[in-house]
Amino acid sequence: MTITRRSILGAAPVLAACALNGGRALAQGRTAPLRVGVIPILAAAPIYIAEKEGWLKQAGLSLAITTFESGPNMIQALASGTLDVYVAGVAPLGVARSKGIDVKVVAATSVEENVVVAGPKLARFAEKGVAPAEVFKRYRDSAGTPARLATQPLGSVPNTTLQHWLWEVAKVDPKDVTIVSMGIDATQQAILAGAVEGGILREPAVSIVTGRNPAIRLMALGGEMFPSQPGTVVAVTRALLDREPDAVQAIVTGIVRAVDLIGREPDRVAPIVEGALGKGLVDTATIRRALASPATRFTADPRPIVEPTAAMQRYQVKIGALDREVPLDGLFEPRFYERAVAGK
């Protein structure tokens, strides 16, 4: 956890000020909810917690949340002007900027969240001490076909981190693996059904599939796949930032407070997260395990992911997800986070 209790307590006056002063202005000036796009993963929990705890309402804000299967799909909504706030992986924002969509990353929510899981047929070759490249080779030699790994579309953070791990870190022979592109829910179901041999998951899907079938195993954690892997961020349109900076500040302060609350009181926030993400299919105990998972690393500070984001973009060019590198100058706007933790 990168946020301290002391810093959050110091940030509390910011939100209080929004509620008492700017909150009235926001409530009077904004008649419609903020349109928020979210990927339904554990890393989105802070935005739901900030809303459920009433912090955003105190600042005169309400949210209209739409879920998406991947960040690249959400970029289309940003381009059409139907979203104000983006809560998803940072990598697709490079694509957005290359298309002239002006967005600003104002906070992070998590890092190193994408992990590789092996289904039962692949996991039996993943004995302790066996290198991943050898695991995939043994699988292909036995099955006669490459191992199929599911992930989100080209250009997404999961796809980028999977390719980086396979080709740059694990040095897997390309003939031993086939990457299958599909949405988040479809990936989870495909792994559970054995329709693929493994894939990229994020919490709470990791806890769901390993809970339902203990033969499904973690194969690589996020930090192994891509060092300091940038994960989910909160980005806002330039139009919202320019027009309603107090609204942006309230969102970021809410995110900061939520990240701190997750670290201090996971049992308190678990029911909130279950209500937002569980859809009646995931119990609170599973969410609680996901919050304590090695695949979970919450942080609100966007500054440490600036360079890893640039590194990820360079790799996206290498694998053809981007035609060229897009300057990241101006993509990150940390002043709202800095004000939140400084209490100014």
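The values are calculated or read from the model by the stated rules, or taken from the named source; none is laboratory data. If you're wondering where the values come from, they're calculated on a predicted model, not measured in any experiment. Because the Cβ atoms are built from the backbone with ideal geometry, glycine has one as well, and the counts that use them run over all protein chains shown.
Scan the range 12-66 residue by residue and report those that are modelled with pLDDT of 50 or more, charged (D, E, K, R) and either assigned to a helix (DSSP H, G or I) or over 18 Å from Leu78 (Cβ atoms) (or both).
Selection gives Arg30, Glu51, Lys52, Glu53, Lys57.
Going by the conditions given, is Ser156 surrounded by 17 or more Cβ atoms within 10 Å (Cβ to Cβ), hydroxyl-bearing (Ser, Thr, Tyr) and within 20 Å of Thr286 (Cα to Cα)?
Numbers: surrounded by 17 or more Cβ atoms within 10 Å (Cβ to Cβ): yes; hydroxyl-bearing (Ser, Thr, Tyr): yes; within 20 Å of Thr286 (Cα to Cα): no.
No.
Output the number of the condition that Val95 fails; it satisfies all remaining conditions of (1) buried (at least 23 other Cβ atoms within 10 Å of the Cβ); (2) in contact with a Gly (Cβ under 6 Å, 6 or more places away or on another chain).
Here Val95 meets the rest and fails (1).
Is it fair to say Leu83 is in contact with a strand residue (DSSP E or B) (Cβ under 9 Å, 6 or more places away or on another chain), touching a residue at least 24 places away in the same chain (Cβ under 8 Å) and in a loop (DSSP other than H, G, I, E, B)? Step through it out loud before you land on a result.
On the way: in contact with a strand residue (DSSP E or B) (Cβ under 9 Å, 6 or more places away or on another chain): yes; touching a residue at least 24 places away in the same chain (Cβ under 8 Å): yes; in a loop (DSSP other than H, G, I, E, B): yes.
Judged against the criteria, Leu83 is a match.
Mind checking which residues of the range 139-173 are in a loop (DSSP other than H, G, I, E, B), at pLDDT below 95 and of a type outside the set (Ser, Thr, Tyr)?
Gln152, Pro153, Leu154, Gly155
Results for (1) modelled with pLDDT under 95; (2) in contact with a Lys or Arg (Cβ under 8 Å, 6 or more places away or on another chain); (3) not in a loop (DSSP other than H, G, I, E, B), shown as yes or no for each residue.
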| site | (1), (2), (3) |
| --- | --- |
| Ile200 | no, no, yes |
| Val236 | no, yes, yes |
| Ala239 | yes, no, yes |
| Val256 | no, no, yes |
| Asp260 | no, yes, yes |
| Val269 | no, no, yes |
| Leu281 | yes, no, no |
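Within the range 228-236, does at least one residue satisfy the condition of being surrounded by fewer than 20 Cβ atoms within 10 Å (Cβ to Cβ), within 17 Å of the chain's Cα centre (by Cα) and small (Gly, Ala, Ser)?
Narrowing the range 228-236 to residues surrounded by fewer than 20 Cβ atoms within 10 Å (Cβ to Cβ): 228.
With the extra rule that they be within 17 Å of the chain's Cα centre (by Cα), the set shrinks to 228.
Those left that are additionally small (Gly, Ala, Ser): 228.
Checking the range 228-236: at least one residue is surrounded by fewer than 20 Cβ atoms within 10 Å (Cβ to Cβ), within 17 Å of the chain's Cα centre (by Cα) and small (Gly, Ala, Ser).
Could you list, in sequence order, the residues of the range 55-82 that are closer than 23 Å to Ile200 by Cα and of a type in the set (Phe, Trp, Tyr)?
Answer for the range 55-82, where residues must be closer than 23 Å to Ile200 by Cα and of a type in the set (Phe, Trp, Tyr): just Phe68.
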